[in-house]
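The values are calculated or read from the model by the stated rules, or taken from the named source; none is laboratory data. Keep in mind that what you see is a predicted model, and the values were worked out from it rather than measured. Neighbour counts are summed over all protein chains in view; Cβ atoms, including those assigned to glycine, are modelled from backbone coordinates with ideal geometry. Just so you know, the surface numbers come from the protein's heavy atoms only, side chains and all, with ligands and any DNA or RNA stripped out. Shrake-Rupley method; radii C 1.70, N 1.55, O 1.52, S 1.80 Å.
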Amino acid sequence: DGGITQSPKYLFRKEGQNVTLSCEQNLNHDAMYWYRQDPGQGLRLIYYSQIVNDFQKGDIAEGYSVSREKKESFPLTVTSAQKNPTAFYLCASSLDRGGTEAFFGQGTRLTVV
Amino acid sequence: AQSVSQHNHHVILSEAASLELGCNYSYGGTVNLFWYVQYPGQHLQLLLKYFSGDPLVKGIKGFEAEFIKSKFSFNLRKPSVQWSDTAEYFCAVNGAGGFKTIFGAGTRLFVKA
């Protein structure tokens, strides 16, 4: 099946630890995105990538980092600098920019204790 | 500033009632508009989209939306809802040729059987 796989589905970490969320797609899409979803705030863009080895900050990039070494993979690291990391994280991809639709993964719920 | 405003955070309807979810956006230039839906336990998925042409667009499951440029609106409608339409609905916008998609806060729809 083609799609986007995020793992794990649930993740618990202690405060002060970095944690990496996985996102893999087999849709051959060029663009990939990370969003954070909080109740009542919709989806906020963290980072996006148009092509391999290139990525751009979104609206709330502070405390996060990404890499795009392969077309299929776009991992997100939540660093200890992120002040409020507990959230639901969604990865998405699209064929290219702009008007094409985004396909979403099932999300990772991160809880920092 | 770029933004998307969804008028209602929670809507409760009985089956067969008509639905209209409001969406207004603030975004300079030519826009692409989307409605996404997230059914309980499922991925966020595209309901419908507008790029250009006929401002009345039809999507899956009997949904439609009308783009009114003068009002910066893209309201979602369905003449008769079903229990299976219970979900969270997100309005989104991006600029033509751009990557940065802005999402609204979402509207949770509950349809009573």
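Couplings for region B:101-113, taken from phi via the Karplus curve 6.51 cos²θ - 1.76 cosθ + 1.60 with θ = phi - 60°, read 9, 9, 10, x, 6, x, 10, 8, 9, 10, 10, 7, 6 Hz in order; Gly and Pro are left as x. For region A:46-113, GluC sites (Glu not before Pro) meeting the loop criterion (DSSP other than H, G, I, E, B) and having at most 15 other Cβ atoms within 10 Å: A:Glu62, A:Glu69.
Please compute the average number of Cβ atoms from other chains found within 10 Å of each residue's Cβ in peptide A:101-109. Spell out each step's value before the answer.
On the way: counts 10, 9, 4, 7, 2, 4, 3, 0, 0.
For peptide A:101-109, the averaged partner shielding equals 4.
Between chain A and chain B, roughly 1900 Å² of accessible surface gets buried, counting both sides and using a 1.4 Å probe.
Size of region B:60-113: Rg and Dmax of its alpha carbons, in Å, are 13.3, 42.
Taking label points 7 Å from Cα along the Cα-to-Cβ direction, A:Phe88 and B:Phe51 give a separation of 3.0 nm.
With a Förster radius of 25 Å applied to the beta-carbon distance between B:Ser5 and A:Ser80, the computed FRET efficiency rounds to 0.15. Using only alpha-carbon positions in region B:7-75, the gyration tensor eigenvalues give semi-axes of 22, 14, 13 Å once each is multiplied by 5 and square-rooted (largest first). Using the Karplus relation 6.51 cos²θ - 1.76 cosθ + 1.60 with θ = phi - 60°, the per-residue 3J(HN,Hα) values for region B:15-30 come to 4, 6, 6, 8, 10, 9, 10, x, 8, 10, 10, 10, 7, x, x, 5 Hz, with x marking Gly and Pro.
Give me the 1.4 Å probe accessible area per residue for the protein assembly as shown, excluding ligands and nucleic acids, in Å². Before the final figure, lay out each step's value.
Working: 10890 Å² over 226 residues.
Result: 48 Å² of accessible area for each residue.
Peptide B:100-109 is shielded by partner chain Cβ atoms: per residue, an average of 5 of them sit within 10 Å of its Cβ. Shielding value for A:42-50 is 4, the average number of Cβ atoms from other chains within 10 Å of each residue's Cβ. Within the listed set A:Gln25, A:Gln41, A:Gln82, the residue fluctuating most in the Gaussian network model of chain A (springs between alpha-carbon atoms under 10 angstrom) is A:Gln41.
Of the accessible area of the protein assembly as shown, with the probe set at 1.4 angstrom, what percent is carbon plus sulfur?
49 percent
Based on the convex hull around the alpha carbon atoms, chain A presents an average projected area of 6.7 nm².
Spacing of the modelled spin labels on B:Lys58 and B:Arg108, each 7 Å from Cα toward Cβ, amounts to 3.3 nm. If the segment from A:Gln17 to A:Asp30 were pulled out straight at 0.36 nm per residue, it would be longer than the present Cα-Cα gap by 1.6 nm. Each label point was placed 7 Å from the Cα along the Cα-to-Cβ direction; for A:Asp38 and A:Asp96 their separation is 3.5 nm.
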